[in-house]
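*Asks:* For reference, the structure I am asking about is given below.
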Amino acid sequence: MKTTSAELIKCVYPTDGYPPSRYPEVAFAGRSNVGKSSLINTLVNRKGLARTSSAPGKTQSINFYLINRSFCLVDLPGYGYAKVPQQVRKQWNPLIEEYCRNRKNLCGVAVIIDARIGPTPLDLSLINWLTDLSLPALFTMTKIDKLSKNKIAKALQQTARALSMRPERIVSFSAHTGEGKKDLWQKIVHLLNVSHDTKRVHLINVSKP
Ligand SMILES: Nc1nc2c(ncn2[C@@H]2O[C@H](COP(=O)(O)OP(=O)(O)OP(=O)(O)O)[C@@H](O)[C@H]2O)c(=O)[nH]1
Ligand SMILES: [Mg+2]
């Protein structure tokens with residue numbers, strides 16, 4: 001995928017409205033600090049587009065990035081980090097839940113898992129909940145640059161087993177090296193194209209990578 005433009009079009013906090021549902025969207029969900037915002041930056045080759053931090057809890061709003069004026073990548077707040085103030089934490093799940101339940105142009109959710117940790121109980125409950133909503137999901141194991149080749153293979157097997165799926169369905173990714181980027185784009189574009197037929201949204205110029 002050649003990214004010709006990538007722009008932040010809206011940050012949504014609980015009381016705000018979403019941007020118009022004109023473009024198809026794929027959202028990125030996962031634990032705080034797992035690397036969702038970094039992954040988006042690597043996908044679109046823009047280092048500082050989505051703000052990242054080594055401290056968990058950086059993204060606290062739903063951030064909509066319009067790509068190539070044709071579809072949106074949506075950075076969701078992370079979950080599962082206890083040190084964020086209770087008040088902020090309370091806003092997160094309802095924020096994610098309301099968005100996933102009600103966003104008509106949401107084509108699917110990419111669930112991001114730390115390769116060193118594997119799916120946590122919160123990840124598994126999110127995945128089950130997405131299935132209940134009949135929302136398609138993509139699965140990505142990130143930070144693989146922190147593991148040896150052998151350990152990546154092992155982590156992939158374990159993650160696939162935990163998710164009861166074939167390992168080929170899971171993208172092994174690194175925001176630092178860019179590994180897995182092509183594979184992930186292919187899956188994202190597939191989701192956007194498949195959903196285009198069933199959702200009343202515009203889809204312009206989404207070519208295969
Ligand atoms: N080694 C390595 N570090 C990564 C990778 N992806 C992200 N990181 C680091 O992990 C930390 C968290 O990254 P973010 O992208 O901010 O994580 P996030 O999931 O958006 O976090 P929240 O917004 O808090 O939910 C940062 O220090 C990143 O540099 C990766 O693929 N490899
Ligand atoms: Mg973030």
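The values are calculated or read from the model by the stated rules, or taken from the named source; none is laboratory data. Everything numeric in this text was worked out from a predicted model, so none of it was measured. Cβ atoms come from the backbone with ideal geometry, glycine included; neighbour counts cover every protein chain shown.
*Asks:* In the range 1-17, which residues are surrounded by 12 or more Cβ atoms within 10 Å (Cβ to Cβ), modelled with pLDDT under 90 and of a type outside the set (Lys, Arg)?
*Replies:* MET1, THR3, CYS11, VAL12, PRO14
*Asks:* Does ALA55 satisfy the condition of being aliphatic (A, V, I, L, M) and touching a Phe, Trp or Tyr at 6+ places or on another chain (Cβ under 9 Å)?
*Replies:* Taking the combined requirement at face value, the residue does not satisfy it.
*Asks:* From the list SER21, SER37, exactly one residue is closer than 23 Å to SER70 by Cβ, among the polar types (S, T, N, Q) and out of contact with any Phe, Trp or Tyr (no Cβ under 9 Å at 6 or more places or on another chain). Which is it?
*Replies:* It is SER21.
*Asks:* Identify all residues within the range 36-51 that are within 12 Å of ligand 2 (Cβ to nearest atom) and of a type in the set (A, V, I, L, M, F, W, C); write none if there are none.
*Replies:* Correct list: LEU39, ILE40, LEU49, ALA50.
*Asks:* Has the range 125-135 got any residue that is within 16 Å of ligand 1 (Cβ to nearest atom), assigned to a helix (DSSP H, G or I), in contact with a strand residue (DSSP E or B) (Cβ under 7 Å, 6 or more places away or on another chain) and in contact (Cβ under 8 Å) with a residue 12 or more places away in the chain?
*Replies:* yes
*Asks:* Right, next: Any idea which residue in the range 145-176 is farthest from ALA115 (Cα to Cα), counting only those that are part of a helix (DSSP H, G or I) and within 16 Å of ligand 1 (Cβ to nearest atom)?
*Replies:* Result: LYS149.
*Asks:* Specify which of the listed residues (ILE113, ILE144) is more than 16 Å from the chain's Cα centre (by Cα), at pLDDT 95 or above and among the aliphatic types (A, V, I, L, M).
*Replies:* The unique qualifying residue is ILE144.
*Asks:* Another question about this same structure. Pull up the range 52-79, narrow it to residues that are within 13 Å of ligand 2 (Cβ to nearest atom) and farther than 14 Å from PHE28 by Cβ, then point me to the one that is modelled with the lowest pLDDT.
*Replies:* Filtering first and then ranking leaves GLY57.
*Asks:* Could I ask something else about it? Which numbered condition trips up VAL26, out of (1) assigned to a strand (DSSP E or B); (2) more than 16 Å from ligand 1 (Cβ to nearest atom); (3) within 18 Å of CYS107 (Cα to Cα)?
*Replies:* Going through the list (1) assigned to a strand (DSSP E or B); (2) more than 16 Å from ligand 1 (Cβ to nearest atom); (3) within 18 Å of CYS107 (Cα to Cα), VAL26 breaks only (2).
*Asks:* Filter the range 43-81 for residues that are β-branched (Val, Ile, Thr) and touching a strand residue (DSSP E or B) at 6+ places or on another chain (Cβ under 7 Å); which is nearest to ligand 1 (Cβ to nearest atom)?
*Replies:* Ranking the qualifying residues of the range 43-81, first place goes to THR59.
*Asks:* What number of residues within the range 1-25 are acidic (Asp, Glu) and more than 25 Å from LEU184 (Cα to Cα)?
*Replies:* Total satisfying the criteria: 1.
*Asks:* All but one of (1) under 22 Å from LEU135 (Cα atoms); (2) of a type in the set (A, V, I, L, M, F, W, C); (3) part of a loop (DSSP other than H, G, I, E, B) hold for ALA55; state the number of the condition that does not hold.
*Replies:* (1)
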